[in-house]
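The values are calculated or read from the model by the stated rules, or taken from the named source; none is laboratory data. Note that the structure is predicted; figures quoted are calculated from it, not measured. Cβ: placed from backbone, ideal geometry, glycine included. Neighbour counts: every protein chain shown. Accessible surface is based on the protein model in full, side chains and every heavy atom, while ligands, DNA and RNA are left aside. Shrake-Rupley method; radii C 1.70, N 1.55, O 1.52, S 1.80 Å.
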Amino acid sequence: MAASQSTAVAVKPKSNLEAVREAMREEMARDPRVILMGEDVGVRGGVFQASAGLYDQFGNKRVIDTPLAESVIVGAAIGAAVAGLRPIAEIQFADFSHPAFDQIVNEAARVRYRSRNGWGCPLVIRAPFGGGVHGGLYHSQSVEAFYAHVPGLKVVAPSTPGDMKGLLKSAIRDDDPVVFFEHKGIYGGPREVIPEGDHLVPIGKADVKRPGEHVSVIAYGLMLHRCLQAAEDLAGEGISVEVLDLRTLRPLDTEAILATARKTGRVCVVYEDNKALGVGAEVSALIAEQALFDLDAPIMRVAGPEVPAMPYAPPLEEWFMPSAEGIAEALRHLATF
Amino acid sequence: MARKQGAAAEARAPATDLPAERLLGMYRTMVTTRAVDERMWLLQRQGAIAFTIPCKGQEAAQIGAVAAFDPSRDWFYPYYRDVGVMLSLGMTPRDVFLGGFGKFDDPESGGRQMPYHWSLPKARVVTGSSPVATQIPHAAGTGMALQLKGEDGVVFCSFGEGSTSKGDFHEGVNFAAVRKAPVIFFCENNQYAISEGLEKQMAVRSVAERAAAYGIPGESVDGNDVFATYAVVRRAVERARAGDGPTLVEARTYRLMAHSSGDDDRNYRTREEIAEWAKKDPIQLFKEQLIRQGVLDEARAQALSAEVADEVDAATDAAEQAPWPEVADATRFVYAEGGNGRGR
């Protein structure tokens, strides 16, 4: 499924959180230039325990508890990157990346371009994102569209443990800044067996997680799993759904998006962020520009509502997030358009 | 205590360990800095270049400070007015003018950045942007990286006093202080953030006082005096290299020109105020100091100025005749194209 350089197979299924931890541990062991920095990433092992054990293994010089200050977490990582290290900067929640927005967008993304390759900025900014964890307005946001808009950044949002590990390892080895979004709603599961060895997944390649014939649904993060659930439910009704996992949001895998659009002629893009001017708009425009005459129905978007962020109260949170049932209903409509 | 240290340094100047040849070189760099900066202004007023952001008046602070560093191992995060810093580090007048025009051979950016947005990988001068204070967290991170790698380099990070109002100043200096990173935070206090005087920018009497909030030494020095500035920064560099962490140095100076070629300073400060500061012109002061020390005489100073004028004329012509970037080049190096930067 995932493009892997490894053939060995492990037996124990792992979670996305374990995948993140393993990727960092392996890359830190492989390359002494790799450091991890952020608030609580050291002794505490991260608020989600993503870096549990790394402080003991690699010490306080390479696993660095920083002051609670996002701009300098990213900014100092930039300074370390230009000086030859390979920093992983953790932003505790993607919602808190906004204070570092200038450092990410104006600095990290532009270091190479503005120096015409005089300097490079090999840096990974990891940030848990997304809702469904009762995080309210400031622990639930999907901020990927802000960063995916920016040339000079790569933006990754995996949804399965194998991809999580393989893409994070690729991100750490990348010569350019990568914003790496981990959906916190799927940190614990579903688990899967991750190929052992040096498992790498290339940045910029989408993956068909479930092949199908009648409609295509394109998603990433937690929504990918809700789309898989919807596809499973619809299979019983005779509707065959192809599920494409974008995995990388910049650069988008144009080829894979157009391929599934041409195959089924009916496309729905599902994302948790509010609908307007988000990832769905770009994917839809791409298909409209390049595959319009292969379509049998208008492109559909299922996404969050146009309110500033996700409310805390359970019924409101549930209202905000696209459900498997809601996605299935949209795909049913699309299949019979 | 911080202020006392600064005062003591001024009292000791111009006693210095800098040899005569080095002092003459610094004087020449100062004269060249002024000539380049004035030429940039002229070119902008002629319509030959789009923009400039003058440093006139700040040359002593820049050249005195950078003289305390070791160009063979130290790292530099200058800010946009630092012509004197860059000429001290091996950038040529031609290089500066190439950047002014936006020509392809501009070593900073190949014509992509506005003038005075420095980058010189071979001298470990790291690329900067326009929003102020953004380089301060970078400098802290580079200092941290040097510690981790066990290297003994020190990081120079300069900015205007306007930058000290920003969050990135606080976050960056605090980060460096917590980690005892080898960074010299060098504030060129030229009294104005565009139109806003100090009383609109800060409630402290001196930028150096801000150091107390980070538990690091803060020193204030006469930034129009090369010797005084050098002495204070040199002590700070020695402390940093010995593992004793960062220092905040405030060089008190004055911006003799408008903020930029796009600014008109007539409605926010008096001509009399500028004239008072012009009497304390740092180049004139340095020249007098060197003549008193017997390092320089009037005839030699005049000959040197004439040489510099010729050099600047030739550099202007060379830059003007240099090729523009090709449009096809504009899409290059958004990402790495094999290898991670020509400088690294």
Checklist entry - Across the range A:245-263, which residue is farthest from residue A:151 (Cα to Cα) among those that are surrounded by fewer than 21 Cβ atoms within 10 Å (Cβ to Cβ) and among the small types (Gly, Ala, Ser)? => result A:259
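With A:306, A:289 as the choices, which residue is open to solvent by 50 Å² or more (accessible area, probe 1.4 Å) and more than 26 Å from residue A:254 (Cα to Cα)? Don't jump to the end; show me each part of the working.
Details: A:289 fails: more than 26 Å from residue A:254 (Cα to Cα).
One residue alone meets the criteria, A:306.
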Checklist entry - Cβ-Cβ below 8 Å, separation at least six or inter-chain, first residue in the range A:242-265 and in the same structural domain as residue A:170 (by TED's automatic domain parsing), second open to solvent by 20 Å² or more (accessible area, probe 1.4 Å) and not in a helix (DSSP H, G or I): which pairs? => result none
Next on the checklist: Which residue is nearest to the other protein chains (Cβ to nearest Cβ), if the candidates are limited to the range B:110-126 and must be surrounded by 24 or more Cβ atoms within 10 Å (Cβ to Cβ) and among the aliphatic types (A, V, I, L, M)?
Outcome noted: B:126
Item to check | Options B:175, B:227: the member that is modelled with pLDDT of 95 or more, aromatic (Phe, Trp, Tyr), in a helix (DSSP H, G or I) and over 21 Å from the mean Cα position of the chain (by Cα) | outcome: B:175
Next on the checklist: As an exercise: evaluate residue B:72 against (1) touching a helix residue (DSSP H, G or I) at 6+ places or on another chain (Cβ under 7 Å); (2) away from chain A (no Cβ under 14 Å); (3) not basic (Lys, Arg) and give the number of the one condition it does not meet.
Outcome noted: (1)
Checklist entry - Can you tell me how many residues in the range A:212-241 are over 13 Å from residue A:327 (Cα atoms) and of a type outside the set (A, V, I, L, M, F, W, C)? => result 9
Checklist entry - What helices (runs of 4 or more DSSP H), lying completely within the range B:249-344, carry at least 3 residues that are out of contact with any helix residue (DSSP H, G or I) (no Cβ under 9 Å at 6 or more places or on another chain), away from chain A (no Cβ under 14 Å) and under 24 Å from residue B:42 (Cβ atoms)? => result B:271-278, B:298-321
Checklist entry - If you take the residues of the range A:67-80 that are in a loop (DSSP other than H, G, I, E, B) and within 7 Å of chain B (Cβ to nearest Cβ), which of them is nearest to residue A:105 (Cα to Cα)? => result A:69
Item to check | Residue satisfying all of: in the range A:1-60; among the hydrophobic types (A, V, I, L, M, F, W, C), more than 23 Å from the chain's Cα centre (by Cα) and modelled with pLDDT of 95 or more; surrounded by the most Cβ atoms within 10 Å (Cβ to Cβ) among these | outcome: A:58
Checklist outcome for this item: Within the range B:127-148, the residues that are open to solvent by 10 Å² or more (accessible area, probe 1.4 Å), over 14 Å from residue B:179 (Cα atoms) and at the interface with another protein chain (Cβ under 7 Å from one of its Cβ atoms) are B:129, B:131
Checklist entry - Yes or no: residue B:250 acidic (Asp, Glu) and crowded, with 16+ Cβ neighbours inside 10 Å? => result yes
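For the range A:285-313, what are the residues that are over 19 Å from the mean Cα position of the chain (by Cα) and either hydroxyl-bearing (Ser, Thr, Tyr) or assigned to a loop (DSSP other than H, G, I, E, B) (or both)? So that I can check it myself, show each step before the final result.
Applying the first criterion (over 19 Å from the mean Cα position of the chain (by Cα)) to the range A:285-313 yields A:285-300, A:305-308, A:311-313.
Of everything in the range A:285-313, those that are over 19 Å from the mean Cα position of the chain (by Cα) and either hydroxyl-bearing (Ser, Thr, Tyr) or assigned to a loop (DSSP other than H, G, I, E, B) (or both) turn out to be A:295, A:296, A:297, A:298, A:299, A:305, A:306, A:307, A:308, A:311, A:312, A:313.
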Item to check | Selection status of residue B:95, within 14 Å of another protein chain (Cβ to nearest Cβ) and not in a loop (DSSP other than H, G, I, E, B) | outcome: yes
Item to check | Residues of the range B:149-165 that turn out to be open to solvent by 10 Å² or more (accessible area, probe 1.4 Å), within 10 Å of another protein chain (Cβ to nearest Cβ) and under 19 Å from the mean Cα position of the chain (by Cα), as a count | outcome: 0
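Please go through the range A:146-164 and give me each residue that is under 21 Å from residue A:226 (Cα atoms) and over 11 Å from the mean Cα position of the chain (by Cα), ordered by number.
Here is the first cut: in the range A:146-164, the ones under 21 Å from residue A:226 (Cα atoms) are A:156-164.
Hits for the range A:146-164 are A:161, A:162.
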Checklist entry - Can you spot a residue in the range B:219-238 that is in contact with a strand residue (DSSP E or B) (Cβ under 6 Å, 6 or more places away or on another chain), more than 30 Å from residue B:278 (Cα to Cα), open to solvent by 40 Å² or more (accessible area, probe 1.4 Å) and not hydroxyl-bearing (Ser, Thr, Tyr)? => result no
